[in-house]
Amino acid sequence: MTAVILAVAIGLFLVFAAVWTEKLWFDFTGFTGVFTTQLVTHIALFVVAALVVGGLIGGNMAAAIRLRPKTRTRGVSAVLDRYRDLLESNRVPAVLIPAAVFGAMAGMSMSTQVMPVLAWLNRQPSGVVDPYFGLDTTFYMLDYPVIRLALSLLMSGLVFGLIAAAAVHFAVGNIGFGRERRATGNARGALVHLSLMGALILVVFGLQSLVDRYGLLLEQGSLFTGLQYTDGQARMTAQLVLAVISFIVAALFVANAFLNKTIVPAAGVVLMLVTSLILGMIYPMVVQTFQVKPNEPDREHDYIQAHLAATKDAYGIAGTQIEDYAAVTHVAPGQLKEDAAALPGIRLMDPQVVGPAFEQLQQVRGYYSFPEILDIDRYTIDGQETDVVVAARELSEEGIPDRNWNNLHTVYTHGHGFVSAYGNRRQGNGEPVWVTRDIPPVGEIEESQSRIYFGEKSNNFAIVGRAEGQAPIELDTPGGAQGGGEQYNEYDGAGGVPMGNLWGRLLFSTRFADLNILLSDRVNSESKILYDRTPKQRVEKVAPWLTVDQNLYPAIVDGRLVWIVDGYTTSSTYPNSQRVQLSQATSDTQSSVLGGQIDQPINYIRNSVKAVVDAYDGTVKLYAWDEADPLLRTFSAAFPGTVTPKNEISPDLLEHLRYPEDLFKVQRELLGRYHVSDPRVWYNGTDVWEVPIDPVQGNDRTKEPSYYLSIKWPGDDAPTFSQTAVFVPRSRQNLSAYLAVNADAASSDYGKLRILRMSDTQQIDGPGQTQNAITQNTAVAAELLPYQQNRGAASIKYGNLLTLPMGNGLLYVEPIYTERSGNAGAYPALTFVVVRFGEHVGIGNTLQEALDKVFAGDAGADTGELPAGQGGSSPPTPGTPTPPAPGPGGPVDEAAAVAAMQKAEQAFTEAEAALRNGDLAAYQAKTNEAKAALADALKQMGR
């Protein structure tokens with residue numbers, strides 16, 4: 001007994017520690033109401049479900065025991081005699097134990113439904129009604145799931161109660177079989193009891209059948225999700241008839257309690273089963289086979305029309321503007337003159353490629369790291385809005401030199417610095433042109449607070465804070481102290497939970513199963529513990545009703561480094577809307593690296609919230625974005641005070657908000673088929689588009705990602721920051737449409753979806769065909785030949801293939817990077833830019849050069865690129881020399897050119913080593929040697 005009591009006490013303390021530390025996290029994050037609302041609802045749902053199911057089971061068992069015969073014959077069955085004795089001598093435990101067990105199981109199951117129940121209790125109307133029942137769409141999204149849940153709970157309790165009652169009646173001798181039947185006692189009482197229970201079950205079943213009529217608008221049919229002809233003409237009527245029959249048979253069961261004619265309700269049950277079989281299966285099959293299939297386009301026409309309208313509304317694509325675009329393929333000098341303003345916005349730095357360059361040039365120490373895929377944002381620099389590649393220099397746990405407990409949790413606590421580079425510029429050696437760089441950060445963007453205690457890589461807890469008189473121990477910068485040594489920091493932010501006393505240490509030592517928290521001298525009276533530190537975790541905890549975009553991004557807002565997170569309200573029960581899997585709809589090359597969305601079905605989505613997480617103190621701010629969304633209004637009412645009104649978004653923050661990726665990808669997926677408005681065209685499938693396979697990745701599995709870049713839409717006066725994608729016809733590779741959405745949150749046209757539909761009379765090559773044309777072009781092949789021949793020294797990496805509507809046609813732009821092989825410090829450097837317009841391909845060291853080659857020496861505009869060798873205040877770092885292509889200037893000695901290139905590469909490598917060692921003289925000598933070797937290579941190649 002002592003061991004049992006001790007085990008129970010330990011278990012209760014473990015639960016208490018988990019719950020209480022969770023409450024402390026919410027208290028110090030400022031969202032206590034979210035925690036208490038969920039906790040109270042959890043408990044209430046558990047209690048209600050336990051009482052309903054447990055009460056029905058226990059009550060029916062007690063009633064059956066109460067109806068037992070006063071006298072009964074013994075000896076008919078020894079087993080039954082034992083059970084009867086057990087029930088009579090232990091009446092209370094015999095009832096309470098099964099009631100408690102099944103009630104607890106029902107309670108645990110029901111307690112997981114906190115969000116649907118809270119949404120139902122605080123439901124807000126949308127003002128949009130379905131075309132069949134005239135009910136508000138929120139009835140299906142909020143009421144219907146809870147009604148089904150309540151009926152299911154009630155049905156479970158009644159069925160288990162009936163089974164339990166029948167078992168007790170049999171055990172006490174009220175009912176039996178064979179010899180036992182003749183020995184029964186109070187058969188009349190058992191008959192009344194079980195008949196009334198059967199009637200209640202049939203009533204609930206009838207109610208479920210009535211409610212299931214609404215569910216027909218949510219089911220996946222043979223053509224789409226929603227009501228189809230057979231549903232409307234056969235199944236809906238069948239559900240109504242079945243409900244009526246259920247109520248009639250329930251009345252027969254009630255009558256049987258008085259008539260004692262078991263044959264009457266039995267005949268009713270048989271009738272109901274036969275009717276259910278005929279009306280629920282045979283009749284709909286006959287209608288589908290003989291009425292619908294021979295005339296399906298005509299029969300389903302109106303239903304498809306309603307489905308198209310509902311789907312477009314549910315996914316926010318109803319207002320998509322589609323324009324016919326007769327793209328030209330011929331070129332002429334000055335052709336891009338009208339689109340000149342958009343040329344400087346063409347992004348050459350691919351965020352999926354240049355991550356290693358950030359890592360090698362701005363990592364500073366091995367315990368810092370950048371994400372594999374960087375992000376795109378906009379900043380106003382020198383009065384000009386510019387697309388910028390951005391990243392946060394976060395702490396990488398894997399790079400910590402000695403991964404002992406003190407280092408992991410008290411020394412290496414945070415990253416440092418926001419790093420950014422121009423999207424359309426490069427240095428002469430192909431490196432990015434930095435906008436902000438180094439530790440502490442310097443550059444064009446002012447950062448007053450750039451320490452990163454809360455970030456995407458902050459997966460461990462950190463203990464911060466020092467008592468008075470204690471020296472700081474948190475490593476802050478590797479070279480910022482006096483004399484150039486390491487600088488340490490003492491955290492003074494608002495984030496974290498105080499835990500310096502013995503009770504706090506015990507609680508968190510229990511929560512994290514870490515005895516060092518209790519024993520370490522580094523935990524003092526001023527200590528705080530930071531946990532659940534990733535921005536995604538924090539947003540999902542304070543707003544459990546949101547689905548979070550997978551690609552959050554850092555920004556400098558009012559001088560502070562913050563994380564911007566897009567939150568969605570979703571539903572899978574919007575009436576008549578096509579259901580998709582969120583993970584599949586958002587899957588592409590980028591998601592395969594970042595990680596995919598959760599695997600849940602949806603048929604409604606809104607970007608209802610823009611969330612901001614401060615990288616220093618972890619403060620979470622939720623801003624209402626789509627204030628018309630009924631789900632946002634519903635959950636704002638359920639958790640009052642958690643969502644800040646949209647008008648409180650600061651101007652600086654507004655400049656960095658953008659159209660979210662996952663929403664755009666879902667809309668892109670749906671627009672592939674739902675861009676049409678004619679039900680016959682939709683049914684025939686003659687105009688279906690699909691997202692092309694990413695040609696850069698060289699496989700047939702991952703779709704091309706969407707791209708953020710500034711484009712000038714045909715007919716517009718100026719370029720806008722947009723998110724873009726292209727479509728190809730199903731199972732074809734030519735271009736069928738170009739999709740863009742205004743991604744600038746400060747624009748009055750934010751969120752406006754526009755499509756350029758290509759002509760069906762002229763083929764425009766798609767991304768795959770364009771990539772093939774680029775790689776097979778003789779001029780491109782000539783420029784890349786030295787790299788392909790000398791694979792051991794350098795390799796080629798193709799960047800994103802961008803598509804832009806320009807010059808009354810479509811312009812493809814692709815950066816090409818080179819990277820030294822066999823070097824631990826290698827990184828891709830932008831070396832060439834390839835352009836394709838129509839059938840014309842041009843390659844150059846700059847975008848301007850490539851454009852001029854395509855447009856007969858005159859593209860008609862300045863790309864805004866800096867001359868080679870310029871591009872920022874950061875000094876050029878020795879990089880891979882660019883091998884020249886064969887030229888017409890003289891005889892070519894290929895072997896000598898390769899040897900000279902290898903000599904140049906070796907000299908550059910030695911120059912880098914000298915620079916790391918601080919030997920500037922050797923650095924300069926080796927750099928000059930490399931330049932001489934490079935000049936020799938040029939000479940040998942005939943240049």
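Quick look at the values:
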item	result
Environment charge of residue 752, counting only residues whose C-beta is closer than 13 Å and scoring Lys/Arg +1, Asp/Glu -1	-3
Percentage relative contact order, the chain, counting C-alpha pairs under 8 Å, at least six apart	12
Label assignment, mean projected area of the Cα convex hull in nm² derived from the structure, set (1) 49.1; (2) 46.7; (3) 37.9	(1)
³J(HN,Hα), Karplus 6.51/-1.76/1.60, whole Hz, each residue of the stretch 739-744, x for Gly, Pro	10, 8, 10, 5, 9, 7
At R0 = 56 Å, FRET efficiency that the Cβ-Cβ distance of residue 762 and residue 644 yields, to 0.05	0.65
Globularity index of the stretch 32-185, i.e. its alpha-carbon radius of gyration over 2.2 N^0.38 Å	1.46
Using θ = phi - 60° and Karplus 6.51 cos²θ - 1.76 cosθ + 1.60, couplings along the stretch 770-781 (whole Hz; Gly, Pro as x)	5, 4, 5, 5, 5, 5, 9, 5, 5, 5, 5, 4
Loop trypsin sites (Lys or Arg not before Pro), the stretch 353-434, which have at most 15 other Cβ atoms in a 10 Å radius of their Cβ (DSSP)	403
Estimated FRET transfer efficiency (residue 856, residue 323; beta-carbon r; R0 25 Å; 0.05)	0.30
Potential extension, residue 581-residue 305 segment - 0.36 nm per residue separation minus Cα distance	97.1 nm
The stretch 32-185: relative contact order in percent, alpha carbon pairs under 8 Å with at least 6 residues between	41
Helix 263-277 vs. the chain, principal-axis angle (Cα, 0 to 90°, nearest 10)	20
Whole-number percent relative contact order across the stretch 201-299, with pairs defined as alpha carbons under 8 Å at least 6 apart	30
Beta bridges per DSSP with both ends in the stretch 589-745, % antiparallel, nearest 5	90
15 Å beta-carbon shell around residue 515, net charge (K/R +1, D/E -1)	+1
Gyration tensor verdict on the stretch 693-768 (Cα atoms; rounded if a/c is under 1.5, prolate if a/b is larger than b/c, oblate otherwise)	oblate
The stretch 209-287: C-alpha gyration tensor shape, a/c 1.5 cut-off, then a/b vs b/c	prolate
Summed side-chain charge close to residue 193 - residues other than residue 193 whose Cβ falls under 15 Å, Lys, Arg +1, Asp, Glu -1	+3
Long-range amide H partners of residue 806 with built H, under 5 Å	811
Stretch gain in nm, segment residue 680-residue 746, where the contour uses 0.36 nm per residue and the Cα spacing is subtracted	19.8 nm
Nearby lysines by direct alpha-carbon distance to residue 337 (threshold 25 angstrom, same-chain neighbours under 8 apart not counted)	712, 853
Packing-based exposure ordering (other Cβ within 10 Å, fewest first) of 290, 13, 370	290, 13, 370
Cα-based shape type of the stretch 537-758, given that a ≥ b ≥ c are square roots of the gyration tensor eigenvalues and the cut on a/c is 1.5	prolate
Vicinal HN-Hα couplings computed from phi for the stretch 619-628 (Karplus, 6.51 cos²θ - 1.76 cosθ + 1.60; Hz; Gly/Pro x)	4, 10, 10, 9, 10, 5, 10, 9, 6, 7
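Computed from the coordinates by the stated procedures, all read-outs in this text should not be read as laboratory data. Not measured: the values here are computed from a predicted model. When we count neighbours, we look across all protein chains shown, and the Cβ atoms used for this are built from the backbone with ideal geometry, even at glycine.
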